[in-house]
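Here's the structure we're looking at; comments come further down.
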Amino acid sequence: LIITGKGIEKEIKLSWEDLKTKFPKHTIVATLQCAGNRRSEMSKVKNVKGLEWGNAAIGTAKWSGARLRDVLEYAGIKDISNIKHVQFEGLDKDLTNTPYGASIPVQKAWDVNGDVLLAYEMNDVEIPRDHGYPVRLIAPGIVGARNVKWLGKIILSDEESPSFWQQKDYKGYPSYVTFEDIEKEYKNAKSIQELPVQSAICYPAD
């Protein structure tokens, strides 16, 4: 795991064993939800692009790992006043050989009560490959798209992640925006981070 960017004098490299032995193990129970959860319901009001999820793009698990704040302090960070975002890159790459990327506000990453983890266990066992083995970012309360799987790199920055998934996907738009003029709105639209608590009736089905 590579840690670099603003405030890091020298690039830090941590092995999987380092995460398990150099930092206190912290455990939380958190629910992750896709930013597109219940998109099929939204489309009944106004057409939305993307997978037509019902209410099933959500799940709760017990996560264990090192606190991101502890790791950043180990890397030499003492003050976040000149840092705005923490970017994350996965080890998975798309057809253009670009790694999956996302970011969260530095305040969330640094908050001692924020419970942001570099998780290596899920439900008391090593995280299964499909859920992000060997290390996954867990940022409770933040949409699933930012909880980067197969984590390989952490970058402290003034900017949000430059990745497609941060800049052109998982964003919230005003109701007047159409898919025809959405290109003009990318830079103005805010990236989705937190989502409100919600509930859904799962049975009987709609």
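Using a 1.4 Å probe over the heavy atoms of the protein chains, calculate the carbon and sulfur portion of the accessible area of the chain as a whole percent. Carbon plus sulfur share of accessible area: 52 percent. In the range 1-96, a dipole from Cβ-located charges (positive for Lys and Arg, negative for Asp and Glu) runs towards its positive end, and of LEU68, THR4, ALA57 it is ALA57 whose Cα lies farthest in that direction. Result for the chain in a Gaussian network model with C-alpha springs under 10 Å: among SER191, SER175, SER64, the largest mean-square fluctuation is at SER175. Ordering VAL125, VAL148 by accessible surface, largest first, gives VAL125, VAL148; the 1.4 Å probe counts only protein heavy atoms, with every chain in place. Packing around the peptides 28-37, 5-14, taken as the average count of other Cβ atoms within 10 Å per residue, puts them in this order, highest first: 28-37, 5-14. Taking all protein chains together and a 1.4 Å probe, the residues TYR186, TYR133 rank TYR133, TYR186 from largest to smallest accessible area. A cut-off under 11 angstrom between Cβ atoms defines the neighbours of TRP53, and their net charge, with Lys, Arg +1 and Asp, Glu -1, is 0. With contacts taken as Cα pairs under 8 Å and at least 6 residues apart, the chain reaches a relative contact order of 23 percent.
Under the simplified labelling scheme, the ASN97-ASP18 pair shows an inter-label distance of 2.6 nm, with each label point 7 Å from Cα along Cα→Cβ. Heavy-atom accessible area with a 1.4 Å probe sorts LYS171, LYS84, largest first, into LYS84, LYS171. Taking every C-alpha pair closer than 8 Å and separated by at least 6 residues, the mean separation divided by the residue count of the range 62-136 gives a relative contact order of 38 percent. For each pair in LYS93/LYS190; LYS46/LYS171; LYS84/LYS108; LYS108/LYS149, compute the distance between the two Cα atoms and list the pairs where it is over 21 Å. Those over the limit are LYS93/LYS190. The residue among GLN107, ASN82, ASN97 whose Cα reaches farthest toward the positive pole of the charge dipole of the range 78-117, with charges on the beta-carbon of Lys, Arg, Asp and Glu, is ASN82. As a calculated quantity, the FRET efficiency between GLU11 and LYS168 at R0 = 22 Å, using C-beta atoms, amounts to about 0.20. A 1.4 Å probe run over the protein chains yields, for the chain, 57 Å² of accessible area per residue, whole-number rounding. Other residues lying with their Cβ under 12 Å from the Cβ of GLU194 contribute a combined charge of +3, Lys and Arg counting +1, Asp and Glu -1. Electrostatic tally near ARG69: other residues with Cβ closer than 15 Å to its Cβ, Lys and Arg +1, Asp and Glu -1, net 0. For the chain, the dipole from Cβ point charges (+1 on Lys and Arg, -1 on Asp and Glu) about the Cα centre works out to 100 debye, to the nearest 20.
The values are calculated or read from the model by the stated rules, or taken from the named source; none is laboratory data. On a predicted model such as this, the values are computed, not experimentally measured, just so you know. Virtual Cβ from ideal backbone geometry, glycine too; neighbours counted across all protein chains shown. For accessibility, only protein heavy atoms count, side chains too; no ligands or nucleic acids. Shrake-Rupley method; radii C 1.70, N 1.55, O 1.52, S 1.80 Å.
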